[in-house]
Structures are given as structure tokens and as C-alpha cells.
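Each remark here refers to the structure printed beneath this line.
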Amino acid sequence: MRDFPGIVRPFRNSYPRTMIDPFGRHISYLRVSVTDRCDFRCVYCMAEDMTFLPKSEILSLEELDRACSAFVRQGVKKLRLTGGEPLVRRNIMSLVRSLGQHLETGALEELTLTTNGSQLERYAAELKDAGMRRINVSLDTLDPDKFAAITRWGKLDKVLAGIDAAKKAGLDVKINAVALKGVNDDEFSRMVGWCGDQGIDLTFIEVMPMGEIGEQRIDQYLPLSMVRADLQRHWTLDESSHRTGGPARYYDVRETGRRVGFITPMTHNFCESCNRVRLTCTGTLYMCLGQHDSADLRTPLRASESDGPLDAAIAEAISRKPKGHDFIIDRRHAKPAVTRHMSVTGG
Ligand code: SAM
Ligand code: SF4
């Protein structure tokens with residue numbers, strides 16, 4: 001059978017189904033921002049005086065559940081909750097538990113989370129209980145003062161205690177670190193060593209031009225090719241065949257036995273294998289992190305108790321997924337390529 005863009009067709013007989021975009025890519029991964037709020041104000045992500053959305057615009061937990069379940073019905077196999085900080089959303093565990101039921105039926109293969117770790121001590125065991133196996137924790141530095149400077153409001157010891165709690169609960173933790181020129185670039189080697197000791201994989205992320213944050217992007221941007229070259233002075237990195245279907249490229253660190261990954265949206269085009277779409281907490285679906293085009297799912301969600309209009313809106317949106325992004329950071333492009341913040345689309 002041929003693949004037709006945007007058409008949700010039965011995969012073999014009737015179930016599971018799959019979504020295919022205009023470029024033949026199977027869309028199997030949904031990232032959902034469950035809130036735009038956060039208990040940190042990371043310098044590359046938010047301005048200190050952020051204005052958050054009014055409650056009426058935010059999908060209720062029941063609406064988020066319905067939207068996510070529609071995607072699962074249409075073939076999404078992996079669901080990542082993000083934000084803002086997902087674990088500051090009140091009663092978030094009711095959504096996690098409800099989505100966890102799709103793991104039990106086998107409709108969903110993975111339910112996971114990206115968190116700043118501040119609330120993990122409280123929630124780690126419950127997350128594991130609801131069916132999560134792995135989580136990503138964002139941690140850019142192991143230096144308490146630097147951590148306070150980057151996150152503005154965060155406390156490093158709380159996050160480290162959260163990581164500990166997650167490991168004790170049996171969750172597989174991966175660390176994501178944004179590489180920031182002149183901020184944490186003297187620490188990368190130490191972080192590789194620390195993650196090795198912790199039995200944790202580490203992924204470096206290039207800073208992306210998202211949202212007005214009152215700082216000059218060009219000042220923060222550090223190409224990961226330079227990070228890798230620096231690490232190779234201290235560690236033996238063997239290219240790994242490990243792939244997650246995402247933009248990360250992995251290396252095995254021979255001395256620690258763990259992996260180090262590099263996500264380079266600025267210097268490499270990873271769009272040709274993109275299998276994901278992003279839903280914001282207002283019900284806006286972005287088919288590409290780096291493009292403005294979007295689809296409104298809140299209207300069909302609120303217009304009808306039946307899921308028919310929602311399913312149709314999702315299929316129509318997938319038929320418009322663009323080929324790729326065009327992020328640019330250079331001196332001629334001091335403005336962000338995309339004006340919405342990462343905390344809106346969830347990274
Ligand atoms: N609050 C959670 C956290 O920090 O993990 C989840 C949301 S946060 C927006 C998701 C990821 O995006 C984090 O790893 C964060 O470091 C990253 N991020 C935020 N703004 C970014 C930017 N401008 N460029 C690259 N990564 C960014
Ligand atoms: Fe909050 Fe995550 Fe953005 Fe930091 S990166 S301000 S923790 S949403």
C-alpha cells in the first residue's frame with residue numbers, strides 16, 4: 001500500500017494505525033507541553049519577568065488526556081510530557097496515571113518526561129508506578145553558584161536529590177545540558193566524568209534561537225563540534241550506532257562505559273528523519289519546532305464531546321508538516337527565528 005500524506009490508515013488490518021506526513025515520515029512521537037509555567041527562569045529559556053497565559057487558554061488535564069489519547073489512537077507510540085516544568089502543574093499525576101493506561105493496553109510504547117528535576121524527590125516513585133521507565137533531567141552545571149546564575153531561581157542540591165530519588169525509584173535518568181559559551185564550557189569534561197560515576201548518559205544541546213529573552217543569542221551560542229573536540233582531549237569517544245529517532249548523535253565514552261550525545265539543530269539538519277510533533281498547553285499543535293505554522297486543536301476539543309472533529313484536525317495538521325526548519329544564529333540575524341519561547345513548545 002502507498003503512503004499518502006496526512007492520511008491515517010490502518011497499518012495492517014485495523015490496528016495499530018499510523019500517521020504519515022507529506023514527506024513519507026511516520027509520525028509516532030508526540031511531545032506535550034502541559035504548562036507554560038516553571039519554578040526556574042533559565043537565562044536561555046525565559047525572561048525573568050515572564051507573563052504566563054491565563055488559565056482559560058490552558059487545556060484542562062482532561063482535555064490534555066483526550067488530545068494525547070487521540071494521538072495514541074492515530075499511531076503515536078511515544079509520548080513525552082514537558083513544559084514549562086511539567087511537575088509544577090497541579091494534579092499532574094492524574095494525567096500521568098491516565099496516560100499510563102495506554103502502556104498497559106500496548107497502544108503506547110513509551111511515556112516519558114523532561115523535567116528540571118526540582119520536584120523529582122516528591123514524584124519519582126509515583127512516575128515509576130504509573131509506567132514511566134526513563135526520564136530526562138535538564139542540568140547544565142554541577143557548580144551551585146553557576147546553577148543559581150543559569151536558572152535564576154533553582155537550587156542545585158534539590159535537583160541532585162531529585163536525580164537520586166529517580167534512580168532509587170528505578171527510573172533510567174538521562175541528563176540534558178545546554179552548552180553555553182563562557183558559562184559552563186569549562187565543565188563539560190567534569191560532567192562526563194560525573195555522569196559516568198552516576199551510571200547516567202549525558203546529552204549536550206546547542207542553544208536555539210527561541211523567544212525574546214533579553215540576551216544576545218550570539219553571546220551564548222557554542223557549536224557542539226567544539227564541545228566534542230574539547231571532550232576528546234580527555235575522553236575516548238567511539239561513534240555509537242545508538243539512535244533514538246531524534247536529532248541526537250551518540251558516542252560511547254570508553255573510560256566510563258556510558259554514552260554522550262550531541263543535539264546540533266544549528267549545525268546539522270536532522271529534519272529528514274523527524275518523527276515528531278509538538279502540542280502546547282493551549283492545544284496548539286506545532287508540526288515543526290522551527291516553523292510558525294500550527295493547528296488549533298483546542299477548538300475541536302471544546303466544540304464537541306465526540307472525538308471526530310479532533311481526529312480530523314490532527315490528520316489535516318499532519319498533512320501540512322513542513323520539510324524542515326530554518327534556524328539561523330549569526331550577527332545579521334540578532335532576532336530569534338521563532339519568537340515563541342521553548343517553554344511554550346516544550347523543547
Ligand atoms: N522545564 C523542563 C526542563 O527544563 O527540562 C522541561 C521544559 S525545557 C523548555 C526542555 C529543554 O529545553 C531543557 O533541557 C532546556 O534546557 C531546553 N531549552 C530551553 N530553551 C532552550 C534554548 N533556547 N535552546 C536550547 N535548549 C533550550
Ligand atoms: Fe523552566 Fe525548563 Fe525553561 Fe529552565 S529550561 S526555565 S526549567 S522550562
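The values are calculated or read from the model by the stated rules, or taken from the named source; none is laboratory data. Everything numeric here is computed off the predicted structure, so don't read it as measured data. Cβ placement follows ideal geometry from the backbone for every residue including glycine, while neighbour counts extend to all protein chains displayed. To get the accessible areas, we keep the full protein, side chains included, count just its heavy atoms, and leave off ligands, DNA and RNA. Shrake-Rupley method; radii C 1.70, N 1.55, O 1.52, S 1.80 Å.
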- When the residues of the range 15-52 are filtered to those that are in a loop (DSSP other than H, G, I, E, B), among the charged types (D, E, K, R) and in contact (Cβ under 8 Å) with a residue 24 or more places away in the chain, which remaining residue is farthest from residue 108 (Cα to Cα)? 48
- Message: Restricting to the range 42-63, name every residue that is within 16 Å of ligand 2 (Cβ to nearest atom) and open to solvent by 10 Å² or more (accessible area, probe 1.4 Å).
- Response: 42, 43, 44, 45, 47, 48, 49, 50, 51, 52, 53, 58
- Can you name the residue in the range 272-295 that is polar (S, T, N, Q) and open to solvent by 10 Å² or more (accessible area, probe 1.4 Å) and is also nearest to residue 59 (Cα to Cα) among such residues? 282
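For the range 78-91, enumerate the residues that are in contact with a Phe, Trp or Tyr (Cβ under 8 Å, 6 or more places away or on another chain) and surrounded by 21 or more Cβ atoms within 10 Å (Cβ to Cβ). Give the derivation first.
Taking the range 78-91 as the starting set, the residues that turn out to be in contact with a Phe, Trp or Tyr (Cβ under 8 Å, 6 or more places away or on another chain) are 78-80, 85, 87.
79, 80, 85, 87 - these are the residues of the range 78-91 that are in contact with a Phe, Trp or Tyr (Cβ under 8 Å, 6 or more places away or on another chain) and surrounded by 21 or more Cβ atoms within 10 Å (Cβ to Cβ).
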- Note on the structure: Cβ pairs under 7 Å, 6+ apart or interchain, first in the range 55-75 and part of a helix (DSSP H, G or I), second surrounded by fewer than 20 Cβ atoms within 10 Å (Cβ to Cβ) and among the small types (Gly, Ala, Ser), ordered by first then second residue, are 61/94; 65/98; 72/107
- Note on the structure: Reported set for the range 132-158 where residues are among the hydrophobic types (A, V, I, L, M, F, W, C) and within 18 Å of the chain's Cα centre (by Cα) is 132, 135, 137, 139
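Per-residue answers, yes or no, for (1) polar (S, T, N, Q); (2) crowded, with 22+ Cβ neighbours inside 10 Å; (3) within 20 Å of residue 122 (Cα to Cα):
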residue: 65; (1), (2), (3): no, no, no
residue: 71; (1), (2), (3): no, yes, no
residue: 94; (1), (2), (3): yes, no, yes
residue: 101; (1), (2), (3): yes, no, no
residue: 107; (1), (2), (3): no, no, no
- Those residues of the range 182-210 which are farther than 21 Å from residue 237 by Cβ and in contact (Cβ under 8 Å) with a residue 40 or more places away in the chain amount to 183, 207, 208, 209, 210
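So if I check each of 187, 239, which one is of a type in the set (D, E, K, R) and open to solvent by less than 30 Å² (accessible area, probe 1.4 Å)?
187
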- Message: Anything in the range 150-160 that is more than 13 Å from ligand 2 (Cβ to nearest atom) and surrounded by fewer than 16 Cβ atoms within 10 Å (Cβ to Cβ)? List them, or say none.
- Response: 157
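Which one of 299, 282, 345 is within 16 Å of ligand 2 (Cβ to nearest atom) and modelled with pLDDT of 95 or more? Write out each step before concluding.
Working: 299 fails: within 16 Å of ligand 2 (Cβ to nearest atom); 345 fails: modelled with pLDDT of 95 or more.
Selected residue: 282, the only one of 299, 282, 345 that is within 16 Å of ligand 2 (Cβ to nearest atom) and modelled with pLDDT of 95 or more.
Looking at 311, 307, can you tell me which residue is among the acidic types (Asp, Glu), within 16 Å of residue 30 (Cα to Cα) and modelled with pLDDT of 95 or more? Walk me through it before giving the result.
Values: 307 fails: within 16 Å of residue 30 (Cα to Cα).
Criteria check complete, one pass: 311.
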